[in-house]
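Taking it in order: structure first as C-alpha cells, then the write-up.
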Amino acid sequence: VAIYLLSSSGELYSMGSSTSYTGTGQSYRLSKVTTGSSGWTDIAAGSNFALGVCDSKLFGIGLNSSGWFGNGTTTAALTNFIVVNNNLWWTRVSAGEEMAMAMSGSGGSGSLFAAGRNAEGRTGQNTGTGNTTTWTQVVNHTNRTFTDFSCGNDFTLAISGGNIFGTGDAAGFVFGNNSETDLLTFTLVSGSGIFTRVFGFNVFSKAIDTNTFHYHCGSQTYSRGDGSTANLNTWTRLHTSSAGFSGSWTNFYANHLGSTTYGVIGVNKNRPFYIGQRGSNTDWFPNTTWTNYTTASNEATWLPFVSSSTNVSCSAAGFWGSIFDPTLFIQLTPIQ
C-alpha cells in the first residue's frame, strides 16, 4: 500500500507500508523519489503498481504481471521507478486493476494508448483475452483526439468532443448506457456533447459538464451525494438542494480498486465535501478535525470536509489504506 504526491515544483514524494512500492527505500515515512528529475507532471496508482510521467517519459514501479508497464516484459520493478517508455510525448496516465492508459499529445488532449490485461475489453483493443504488453493505441480511434480519461477498476472512460466513450467491464451500469454488456473497444456511451471531465471508480462513475453540473451512473451506494442510494443505469444530473450544490463541481476522488467504496470526496467551489463510509482508525489523521469522520454511520449527502475557511482551496485528495482501515487525506492550499 502506498500513496504518491506531486509538488508544485515537479517533485514526486511517496509513503507506504513497504519499500517495494515507494521508490525511496523508506516505509511509513514520506520521502522524495530521487529517480528522474524534478519534472514529474502526473502519477497514477493501480493495483500493485504505479505509473507516472516525468520529463514527458513514462515511469513505472511495482508488479508488472500482465505487462501493464508497456515495456514488452512482465518483469517487476520493486526498488525504484524505471523508465518504461522514453518517447517524449506523454502527458497523462491513469491506472486500474492490471491495466493502464496513457495520453500522448500536447495542451491537455491527445491520443490514448493502453497496456496490460485485455480481460473484459479493459484495454480497448477489441479483445477480451491475453495481454497487451507494449503501449498500443486504442483501436478504431487512431484519428480521434481525447480531452479527458479515467481508468476505473476494470474499465475506462474517455471524453472526445464532449461525448463519453467507454471500454471494459460494464457490471453495475458504469457506462451509463443502460447496459451491463462488456465493451471490447471504446464505444460511445453518451453523445450529449456536454462533458468536460469524467471519473471511473469501482462500480460507479461520475462526470462534470460544461456548466459544472455533476452527473452519476452506477450501482454503488453512498456515492451519489444527493441523499439517495438508488442505482442509476444512465447518466443522470444530480442536485443536492439541502447543500445548494447545483453546479461548481471541479473534481471527484474515491478508492477505485476492489469492490468496496469507502467514500467520495467532491470539490465544489474549491472546497472539499465528503459522502460515504466513515473511517474507524485515526492513526494517520493529521489533526483532530478528522475525528468527526470516525463514527460507524454513513453519509448520503455532501458534508463539509476538514475546513470551511474562505482562504483555502482543495488542491489534492485521495484514499490510502486496506479494506479494514481506510484513510482519507486532502491537501488544502492558501488562496493568494
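The values are calculated or read from the model by the stated rules, or taken from the named source; none is laboratory data. This structure is a prediction, so every number in the text was calculated from the model and none was measured. In this analysis, Cβ positions are derived from the backbone assuming ideal geometry, glycine residues included, and neighbour counts consider all displayed protein chains. In case anyone asks, the SASA skips ligands and DNA or RNA and just uses the protein heavy atoms, side chains included. Shrake-Rupley method; radii C 1.70, N 1.55, O 1.52, S 1.80 Å.
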**Prompt:** If 237, 271, 197 are ordered by their accessible area, calculated over protein heavy atoms with a 1.4 Å probe, which sequence runs from highest to lowest?
**Reply:** 237, 197, 271
**Request:** With all protein chains present, calculate the accessible area of residue 117 using a 1.4 Å probe and round the result to the nearest 10 Å².
**Result:** 80
**Prompt:** Which whole-number percent gives the relative contact order of the stretch 2-122, counting Cα pairs below 8 Å spaced six or more residues apart?
**Reply:** 19
**Prompt:** Rounded to a whole number of µm²/s, how large is the Stokes-Einstein D of the stretch 176-269 at 20 °C and 1.002 mPa s, given Rh as the Kirkwood radius over C-alpha pairs?
**Reply:** 156
**Prompt:** From Cα coordinates alone, what are the radius of gyration and Dmax values for the stretch 65-186 in angstrom?
**Reply:** 13.8, 44
**Prompt:** More than 14 Å apart: what percent of Cα pairs in the stretch 21-82 qualify?
**Reply:** 53
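Given the convex hull of the Cα atoms of the stretch 1-55, what is a quarter of its surface area in nm²?
Over every viewing direction, the Cα hull of the stretch 1-55 projects on average to 3.2 nm².
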**Request:** Can you send over the carbon and sulfur percentage of the accessible area for the stretch 22-146, probe radius 1.4 Å, protein chains only?
**Result:** 42
**Message:** Give me the net charge for the shell around residue 313: Cβ to Cβ below 15 angstrom, other residues only, Lys and Arg +1, Asp and Glu -1.
**Reply:** +2
**Item:** Set of aspartates and glutamates near residue 269 by C-alpha distance (under 18 Å), chain-local residues within fewer than 8 positions excluded
**Value:** 209, 226
**Complete:** Projected onto their principal axes, the Cα atoms of the stretch 1-131 stretch, largest extent first, over whole-Å spans of 42, 33, 19
**Item:** Accessible-area order (highest first, 1.4 angstrom probe) of the listed residues 180, 120
**Value:** 180, 120
**Prompt:** Protein chains only, probe 1.4 Å: how do 136, 35, 22 rank by accessible area, largest first?
**Reply:** 136, 35, 22
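Residue 94: net charge of surrounding residues, Cβ under 14 Å, Lys/Arg +1, Asp/Glu -1, itself excluded?
So the surrounding residues net to -2.
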**Asked** Per-residue HN-Hα couplings for the stretch 29-40, Karplus 6.51 cos²θ - 1.76 cosθ + 1.60 at θ = phi - 60°, whole Hz, x for Gly and Pro?
**Response** 8, 5, 9, 7, 7, 8, 5, x, 10, 9, x, 6
**Fill in**
accessible surface per residue for the stretch 117-227, probe 1.4 Å, DNA/RNA/ligands not counted, whole Å² -> 33
**Fill in**
Relative contact order as a percentage, the stretch 109-265, C-alpha pairs under 8 Å and 6+ apart, gives 18
